[in-house]
């Protein structure tokens, strides 16, 4: 797989670590980074930009948070088919419930170690591969 992922993350240190984790994974050939939900939406609506295969967003960000951005993404016909994932330090059950209602593929908790961050691309791949396999069955 040669996947393009866009990551919305406002924390510079977390952004560096998560981008490095995806860049290390051979199944992701392009990693794009935005710093908030507003930038994420602008990127996705820009016809000059490549449409990503996967979206990963933090929740707590300035201007527009991850859930607000996902509500708009998942209500936009041209992009609502994109698999969306959330990762956050928050274990707030209300956030997870809202993400489940929106159809987010997984709610991942931000790890505290670099090794933990390296598991995120693997976890996303498992889910994306399963969905592709299901879609390809006759």
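The values are calculated or read from the model by the stated rules, or taken from the named source; none is laboratory data. Bear in mind that the values here come from a model prediction, so they are computed numbers and not experimental data. Using ideal geometry, Cβ is built from the backbone for each residue, glycine included, and neighbour counts are taken over all protein chains shown.
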Among the listed residues 20, 69, identify the single one that is assigned to a helix (DSSP H, G or I), under 14 Å from the mean Cα position of the chain (by Cα) and either modelled with pLDDT of 95 or more or surrounded by 17 or more Cβ atoms within 10 Å (Cβ to Cβ) (or both). 69
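With respect to residue 40, is the statement that it is closer than 22 Å to residue 17 by Cα and not in a loop (DSSP other than H, G, I, E, B) true?
yes
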All conditions in (1) touching a residue at least 60 places away in the same chain (Cβ under 8 Å); (2) in contact with a strand residue (DSSP E or B) (Cβ under 9 Å, 6 or more places away or on another chain) are true of residue 24 except (2)
Counting just the residues of region 93-119 that are in a helix (DSSP H, G or I) and in contact with a strand residue (DSSP E or B) (Cβ under 6 Å, 6 or more places away or on another chain), which one comes out modelled with the highest pLDDT? 99
Qualifying positions in region 37-53 - more than 12 Å from the chain's Cα centre (by Cα) and either surrounded by fewer than 18 Cβ atoms within 10 Å (Cβ to Cβ) or under 15 Å from residue 67 (Cα atoms) (or both): 38, 39, 41, 42, 45, 46, 47, 48, 49, 50, 51
